[in-house]
Amino acid sequence: MTEANDYFDTSPDSSTWTNKTDDQKKRALISATRWIDTLVFYGDRCDDGQALKFPRNNYQVDGVELACSKIPEGIKYAQYELARALANDTDAITGTTGKDGNFEEVKLGDIQVKYNTASQGTGSVNNILDVYPWLQSYLGAYMLGGAGSFQLRVVRG
């Protein structure tokens, strides 16, 4: 928690973190860690028996090899920012995304499709990135994909 407090001491608005009790901060940091750990990352765990997905090795970001001796700053910053978000909206990850993303009508040139909106379900929250897409700016360089989704990395020779 000390590192998170130090991080927010340098942010433009730390009031949404400093107004929380130590217990709220600890719970939010634990929850943020759990959510981040549901994602799929490049590289390998440093120890097959480690509880969390970081630290990792066998992967580089900006030419720097991930090291088993430390957790990358981007991962830490993602945890702190997510913890702050969760501490300020404890219900953010529960429920559904509502009707966002559902279409009543789709039109392409002369082709038009109308949907029965009464039969459309609500979207579910599949992973933390559904709720907080800005996390990708912190985690994107390390992520293979979201929870349960995979992307193929293409390298041209």
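Brief remarks on what is shown
- Extreme residue, surrounded by the fewest Cβ atoms within 10 Å (Cβ to Cβ), among residues of the stretch 45-57 that are closer than 13 Å to Ile71 by Cα and within 19 Å of the chain's Cα centre (by Cα): Leu52
- Residue selected from the stretch 40-92 under the condition part of a loop (DSSP other than H, G, I, E, B) and of a type in the set (D, E, K, R), by the criterion nearest to Asn127 (Cα to Cα): Asp91
- Scope the stretch 2-29; condition within 19 Å of the chain's Cα centre (by Cα) and in a loop (DSSP other than H, G, I, E, B); matching residues: none
- Checked against (1) surrounded by 14 or more Cβ atoms within 10 Å (Cβ to Cβ); (2) more than 16 Å from the chain's Cα centre (by Cα), Val40 passes all but a single condition, namely (2).
- Residue match in the stretch 21-30 (condition: modelled with pLDDT under 95 and within 21 Å of Pro133 (Cβ to Cβ)): no
- Trp17 vs. criteria at pLDDT below 95, of a type in the set (A, V, I, L, M, F, W, C) and touching a helix residue (DSSP H, G or I) at 6+ places or on another chain (Cβ under 6 Å): no
- On the stretch given as the stretch 9-20, residues that are surrounded by 14 or more Cβ atoms within 10 Å (Cβ to Cβ) and within 22 Å of Leu129 (Cα to Cα) total 1.
- Gly74, sole failed condition from (1) modelled with pLDDT under 70; (2) under 20 Å from Asp13 (Cα atoms): (1)
- Pairs where the first residue, in the stretch 79-92, is touching a residue at least 60 places away in the same chain (Cβ under 8 Å) and over 23 Å from Lys53 (Cα atoms) and the second is in a helix (DSSP H, G or I) and of a type in the set (Gly, Ala, Ser), C-beta under 9 Å, 6+ apart: Asn88/Ala28
The values are calculated or read from the model by the stated rules, or taken from the named source; none is laboratory data. None of these values were measured; they are calculated from a predicted model. We place every Cβ from the backbone using ideal geometry, glycine too, and count neighbours over all the protein chains shown.
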